[in-house]
Amino acid sequence: MHIANLFETEPALREKARNLKAEPDGPFPILSAKIKLTWQCNLRCLMCTIWREPRTKGQAIHLPPDIVKQVLSHLKEKGLRKIHFSGGEVLLYKGFKDVVAFARSLGLQVNLTTNGTLITKDLARFFVEERVHTVTVSLDGPDAETHDRIRGVKGAFKATVNGMALMAARKLKKGRGPIIAVNTVVSRKTMDLLDAMYDLLCETKVQAWRILPIDTEIRSLRPTQSQWEAMFTKVPAWSHLLSRLPLDWSSERSGHRAEGGKYAGLFYGDRVCFAPWFNLFVDADGRVYPCCNGKQDMRPYGNLNEIPAPQALESQVRREIRYSMASGHPFPICDCCDDFLEENQAFHLLSMKKGVAS
């Protein structure tokens with residue numbers, strides 16, 4: 001589901017989008033949502049803080065299935081088209097099949113992200129039968145030595161590649177199935193392995209690839225400007241596989257900004273982020289934000305373990321965030337965000353077509 005395509009085919013949605021900056025409280029459907037079903041994970045990734053964070057007694061580890069279904073039902077009424085399930089490791093969630101089947105019964109496009117180590121023949125069959133749209137597998141190196149070191153568990157690479165093979169085999173047998181995609185987190189140490197990674201993905205018949213810049217405050221771990229510049233010379237050859245670019249590359253300063261962890265480059269210098277209108281993020285504790293990065297700088301709309309979804313979506317906090325964005329005051333974390341650049345570009349181009357200020 002691409003927002004730019006929706007704007008082309010749905011005039012009513014296009015008109016609503018044009019008015020959002022001038023009327024921040026104007027009606028607009030929540031088109032996409034991401035729900036972290038669980039904090040639990042079977043790997044110990046170097047760049048991840050989830051497994052390191054201590055959980056206090058009584059603190060939620062999983063979002064209850066009944067709450068997931070309630071929020072999906074309400075969001076469907078609000079115009080939801082796509083739901084993305086993640087974790088932790090989403091396949092450790094006890095109600096996983098139940099909530100996926102429920103989302104599909106609502107007619108939602110279902111995407112999910114997994115480390116792939118727990119995919120079985122039964123799950124591969126389930127993905128096909130339920131018509132899951134995309135299964136994204138995390139793969140951070142082209143070989144076992146690299147991937148297992150990053151993921152913190154020996155044998156992770158073999159298990160992940162096997163899970164991908166099971167899905168591919170089921171797709172071949174049925175003649176249909178989910179898009180098999182790969183997310184690769186890149187650091188200064190692994191940036192030079194992307195050529196080998198590309199070759200591996202072509203061999204394994206992966207259909208989409210997303211390169212994700214490492215989320216860290218440690219400068220020595222982030223790719224250098226010269227590494228980003230070298231990578232972008234290869235983008236044309238990789239374009240058939242890349243689902244989106246890893247950062248904004250519209251300015252001559254983009255590489256320098258990326259080395260400093262500012263992956264949005266200068267994108268939001270004269271543009272608004274519309275995620276608080278079209279997107280929703282729910283973490284495994286039940287807290288609700290406009291996006292996954294929002295939890296670093298923004299107050300939550302509410303907690304679904306304490307209040308119902310309609311109340312969270314009508315909260316004063318959500319209203320304040322939208323007004324802040326619309327008035328050209330993004331949050332500090334927005335400069336570091338590599339999400340929604342394409343979606344926000346679609347909003348920006350839409351406004352320019354009618355001469356409306358971005």
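Can you give the calculated 222 nm mean residue ellipticity of the chain, where each DSSP H run of n ≥ 4 adds -39,500 (n - 2.57) and the sum is split over every residue, rounded to the nearest 500 deg cm²/dmol?
Numbers: 15 runs with 135 residues, N = 358.
For the chain, the value works out to -10500 deg cm²/dmol.
How much length is gained on full extension from Ile307 to Ser239, taking 0.36 nm per residue of separation minus their Cα-Cα distance?
Full-extension gain reported as 20.1 nm.
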Worksheet item: Roughly how many debye, to the nearest 20, is the charge dipole of the chain about its Cα centre, given +1 on each Lys and Arg Cβ, -1 on each Asp and Glu Cβ, and no other charges?
Response: 780 debye
Item to complete: Mind checking which lysines have their Cα closer than 24 Å to the Cα of Lys34? Skip sequence neighbours fewer than 8 apart in that chain.
Response: Lys16, Lys21, Lys69, Lys76, Lys78, Lys82, Lys94, Lys97, Lys262, Lys295
Worksheet entry | For Ile150, solvent-accessible area (1.4 Å; no DNA, RNA or ligand), Å² | 20 Å²
Practice prompt. Would you rank Lys205, Lys295 by solvent-accessible area, highest first, keeping every protein chain in place and using a 1.4 Å probe?
Written response: Lys205, Lys295
Worksheet entry | Amide H partners (placed H, <5 Å) of Cys41, local residues excluded | Glu89
Fill in: Listed peptides 243-250, 88-95, 316-323 by packing density, highest first (mean Cβ within 10 Å)
88-95, 243-250, 316-323
Worksheet entry | Those Cys residues of the chain for which no other cysteine Cβ falls under 4.7 Å | Cys41, Cys202, Cys273, Cys291, Cys292, Cys334, Cys336, Cys337
Item to complete: Please report, in cubic angstrom per residue, the volume enclosed by the convex hull of the alpha-carbon atoms of segment 221-279.
Response: 116 Å³
Worksheet item: Does segment 1-94 come out rounded, prolate or oblate, given a ≥ b ≥ c as the square roots of the eigenvalues of its C-alpha gyration tensor, rounded meaning a/c under 1.5 and, failing that, prolate meaning a/b above b/c?
Response: prolate
Worksheet item: Does the chain come out rounded, prolate or oblate, given a ≥ b ≥ c as the square roots of the eigenvalues of its C-alpha gyration tensor, rounded meaning a/c under 1.5 and, failing that, prolate meaning a/b above b/c?
Response: rounded
Worksheet item: Using a simple spin-label model with points 7 Å from Cα along the Cα→Cβ vector, what separation in nm is obtained for Glu23 and Thr224?
Response: 5.3 nm
Discussion item. Applying a 10 Å radius around every beta-carbon, put 212-222, 333-343 in order of their mean neighbour count, most first.
Written reply: 333-343, 212-222
Practice prompt. Starting from the amide H of Thr136, placed 1.01 Å from N in the peptide plane, find each other amide H under 5 Å away whose residue is 5 or more places distant or on another chain.
Written response: Leu112, Thr113, Thr114, Ala181
Worksheet item: Under a 1.4 Å probe, what is the accessible area of segment 140-271 per residue, stated in Å²?
Response: 49 Å²
Discussion item. Please list Arg18, Arg287 from largest to smallest accessible area, probe radius 1.4 Å, with all protein chains kept in place.
Written reply: Arg287, Arg18
Item to complete: Please give, to one decimal in nm, the separation of the simple spin-label points placed at Thr120 and Ala4, each 7 Å out from Cα toward the Cβ.
Response: 4.2 nm
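The values are calculated or read from the model by the stated rules, or taken from the named source; none is laboratory data. The structure displayed is predicted, hence computed values, not measured ones. Neighbour counts are summed over all protein chains in view; Cβ atoms, including those assigned to glycine, are modelled from backbone coordinates with ideal geometry. Ligands, DNA and RNA are excluded from the accessible area calculation, which covers all protein heavy atoms including side chains. Shrake-Rupley method; radii C 1.70, N 1.55, O 1.52, S 1.80 Å.
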